[in-house]
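Some notes on the structure that comes next.
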Amino acid sequence: MNLVRTLDRDEARPLNQLSGLPADVWERLKQLLLGGILALVLFLLSVLDPVDQLSWIFQSRIAEHDPSGDIVFVGTERDMADPNLPYRRVELANALRKLDEQGVGRVYLDIPFPEHSSVDADQRLAEAIGALGPRAIIVDKIERTGSSNDRVITTMPGIAGDAKRVVSRQASNWLGFSWTREFTNVVDGQRLPSLAASMAGIEDMREGSFQIDYAINSQEIAALDLAEINSGTSGVELAGRTVIIGEDAGLSETQQRVPGNYSVPDSFVAIYGAETLKAGRTGFLNALLALAVFISVFAALVMVARSRKRRRIGYAIIIASLPLGLFAGSLVGFRAELSYCAATLVAYAMLRSRTRWKNRMALVDNETGLPKLRALELNTSQDIHIRGHFVVARIHGYEHVFKTLPRVERAQYILKLVDRLRATDAALTIYSEGHHLAWHAKEEDGERLAEHLEGLRAMFAAPVNVAGSSIDVGISFGVAKLDGDPAARLAAAVAAAEESSEALQPIKIAESSSRFDELWDLSLRARIDEAMAAGEIFCVYQPKFDTRNGTMTGVEALVRWQDPARGFIPPMHFIAQCEKAGRMEALTEFVFEHACAAGRLMHFSGQTISMSINISATLLADMRIVGMVRNILQATGFDPRFLVLEVTETSRIGNLETAETVLNELKALGTRVSMDDFGVGETNFETFFELPFDEVKIDRLFIANMARSQKAKAIVASIVQMGRDARIGVVAEGAEDTETLKLLTEIGCTHVQGYILARPMSLDNLMNFQGFDLKNALKV
Ligand code: C2E
Ligand code: MG
Ligand code: MG
């Protein structure tokens, strides 16, 4: 029998004392947290800002959409405000008049005039502005000066008259981009709308800023030259539209960098801003929030996805979600600072691979670079079909050789031996540890293997040459057939190698597995009490449901043994060992104590469910069990009406009369009794008839086969009918799929336990267990 089994999902793994989580989950969470902290530090140093900006540039390029078309840019390539060139102001005044004539909607003058020019020119400009009335809007500029104080450049009142004012603030960052704009700015103590907000029609003086979306095609923004307005050759319909007059990108100070375009007029940033606001494309997720969401989702994944496959799927989804998020964001106009999430991911991946590397290193011999024996055990324990033999070669005189050879040459020595062992099979993987070299021989025939090993021994008659000196080699072998738990078999081969001797028994065959398992079982029996004390033995709880309404009516306590060295030991196996060791009572007491305390806790938290505990029929031979149950009920304060005793292995009841007395005493305490595994083994109707059971549990052999076998279905139906007639409860256990659940419902069996509904789980998980989706389980 293979004693090491892989675990059912979260049923039983070594738990971390502090958190109560499985140790590997806890480790992953810690590494995730570490990755998050690292990302936070990077965030505080703003190290990854350029990465985010790159991603935004990328976003701006992948999805382009058209501007509203309301806004027209009119550019000029000359400095219109130069006080020494009054004719330019006249030219501008003429252009404003032309715009007025064409019935323009609004005109934003994005060029400030802080100085006087000629009286006549100033007056002409002032008149042209005045003629436009409320449609003319003057833009004041806040310029970055490099020092802490920004410089405000405003148009003198003599020109602006009482035209409305808005503000434009240059705010490109060190990479030359302008990602945000304010809704309002304060100039001389007065809060004014920003140019962008005003053009978008937002003038409610709200504070704060918004993200500018650059996914607008700049070629689609209508742009004219001032001269075209004056000459009337623009050909662009301006009636009702918003015009912004500003300096062209040719004037060096005013050019601005936007994604996809290295120099656009400064006014364009305001146009992009206004178009963004008009289209409502201002969604933003900042780095901290993104990080918090990311880490929460990631942590949930780590906690929920307990198998490697699921985790990998989860990781793939999370990794893909970052670029997909960027892409989706560009479509709907949403920007996020995701670089710190990516940093967390990278840090986590690095920490994980370091852990994996460390684990792998623990399996590799430092000196020779060969895998260790433990690796052989792991590699073979995963393959249940593995056959053949383990061979362990013992090198004699190894300690002496090691004492005399320098470090590098030791490895050479071992590797030379390995070469010889591989003489007939160059691809053979050899594992090494200390003075042992081991491998898995596929040869199933023991005699032929022994012949082969004899041949190998002959090859070792010649000394090996290391660093100029020749060394004699003595070698002998221990062999174990792979007919049981690989770990146990490897240990047997090692033990045999140790017992082998060059002179007397150079090839020693280990005892067969049954003998070895027996030895192992002996050690198991000796360790029961220790394992209970160390928490290696513990209880899990599997819910039972009333499928009519989906309520959890009770749970069954199932005992588990997770051995640090051997892994999970199936209950059926160690319970048998407990019995042999005379520790059945102690184990039952242990389970009762934990399960009753757990039941009390559930009641305390408002879940009045029943607690089923398995008792072996062998314990019904005398009254000790009654005293034990009474004491535990008293000590834990658990209400006995909710305690169900599932009697297992009823065929082993020696004396029905005694068993009846014991069961009646147990029932007198207030508990109910159930006949477990009904229908299999040698459970018989006499037992059922003679003993005062309140419930039968139909064995999962029948339930599992119901969907396939008409016979199984008929047996279940008849047990259910029998229970109904005899007025005792019937529980079906081992329902694994929807089909079975439906059949049970049809038959009228409503109390069901099985993997389809819930697996055995830790008390913690049980307390948080939300039940199952009845509709989904039945797919109705
Ligand atoms: P049982 O009392 O019949 O317990 C039900 C067994 O069926 C459990 O196996 C449970 O995990 C499994 N099971 C439940 N639903 C499904 C399903 O849908 N599909 C499949 N394949 N299996 C399902 P487990 O935990 O391995 O226990 C095996 C047996 O060990 C129990 O059978 C019981 O006889 C014994 N046992 C477990 N705990 C105790 C204990 O504390 N005391 C005693 N005396 N025996 C125990
Ligand atoms: Mg049971
Ligand atoms: Mg059962």
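Here, each number is a calculation from the coordinates, and none is a lab measurement. Everything quoted here is computed from the prediction, not taken from an experiment. A quick note on method: Cβ atoms are made from the backbone with ideal geometry, for glycine too, and the neighbour counts reach across all protein chains shown.
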Q: Would you pull out the residues with amide H under 5 Å of Ala223's amide H, same chain only if 5 or more places away, H placed 1.01 Å from N?
A: Phe73
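Would you calculate the convex hull of the Cα atoms in segment 364-522 and tell me its volume per residue in Å³?
On the way: hull volume 18.7 nm³, N = 159.
Output value, Cα hull per residue: 117 Å³.
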Q) How many angstrom separate the Cα center of segment 640-656 from the Cα center of segment 462-505? A) 52 Å
Q) Non-local amide H neighbours of Ile111 (under 5 Å, H modeled in plane, Pro and chain starts lacking H): which ones? A) Val139
Q. Roughly what % of DSSP beta bridges within segment 539-777 run antiparallel, to the nearest 5?
A. 35 percent
**Q.** Antiparallel content of DSSP bridges confined to the chain, in %, to 5
**A.** 50 percent
Q) Helix-derived [θ] at 222 nm for the chain: sum -39500 (n - 2.57) over DSSP H runs of at least 4, divide by residue count, nearest 500? A) -14000 deg cm²/dmol
Q: Once you have a ≥ b ≥ c as the square roots of the Cα gyration tensor eigenvalues for segment 539-777, tell me rounded if a/c is under 1.5, and otherwise prolate or oblate according to whether a/b is larger than b/c.
A: rounded
Q | Residue-by-residue Karplus 3J(HN,Hα) for segment 102-108, coefficients 6.51, -1.76, 1.60, Hz, glycine and proline x | A | 7, x, 4, x, 9, 10, 9
(Q) Students often forget the sequence filter, so: which lysines lie under 22 Å Cα-Cα from Lys416 once same-chain residues fewer than 8 apart are removed? (A) Lys372, Lys403
Q.
From the phi angles alone, apply the Karplus equation (6.51, -1.76, 1.60; θ = phi - 60°) to segment 552-567 and give each ³J(HN,Hα) in whole Hz, x where the residue is Gly or Pro.
A. 7, 9, x, 9, 10, 7, 10, 8, 10, 10, 10, 8, x, 8, 9, x
Q) By a straight-distance test (C-alpha under 22 Å), which lysines pair with Lys544 as possible cross-link partners, with residues fewer than eight away in the same chain excluded? A) Lys667, Lys697, Lys713, Lys742, Lys775, Lys779
**Q.** Residues whose placed amide H lies under 5 Å from that of Ile475, excluding near-sequence neighbours
**A.** His396
**Q.** By average C-beta atoms within 10 angstrom, highest first, the peptides 650-656, 390-396, 86-92, 612-618
**A.** 390-396, 612-618, 86-92, 650-656
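Could you tell me whether segment 515-665 comes out rounded, prolate or oblate from its Cα gyration tensor? Rule is a ≥ b ≥ c as square roots of the eigenvalues, rounded for a/c under 1.5, then prolate if a/b exceeds b/c, otherwise oblate. Walk me through the numbers on the way to the answer.
On the way: a/c = 1.82, a/b = 1.30, b/c = 1.40.
Oblate, since a/c reaches 1.5 and b/c is not below a/b.
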**Q.** Cα extents of segment 67-281 along the three principal axes, largest first (Å)
**A.** 42, 40, 33
Q. One-quarter of the Cα convex hull surface for segment 75-128, in nm²?
A. 3.6 nm²
**Q.** Backbone HN-Hα couplings from phi across segment 592-601 [Karplus 6.51/-1.76/1.60, Hz, Gly and Pro as x]
**A.** 4, 4, 5, 5, 5, 5, 5, x, 4, 4
Q. Can you give the direction-averaged projected area of the convex hull of the alpha-carbon atoms in the chain, in nm²?
A. 52.7 nm²
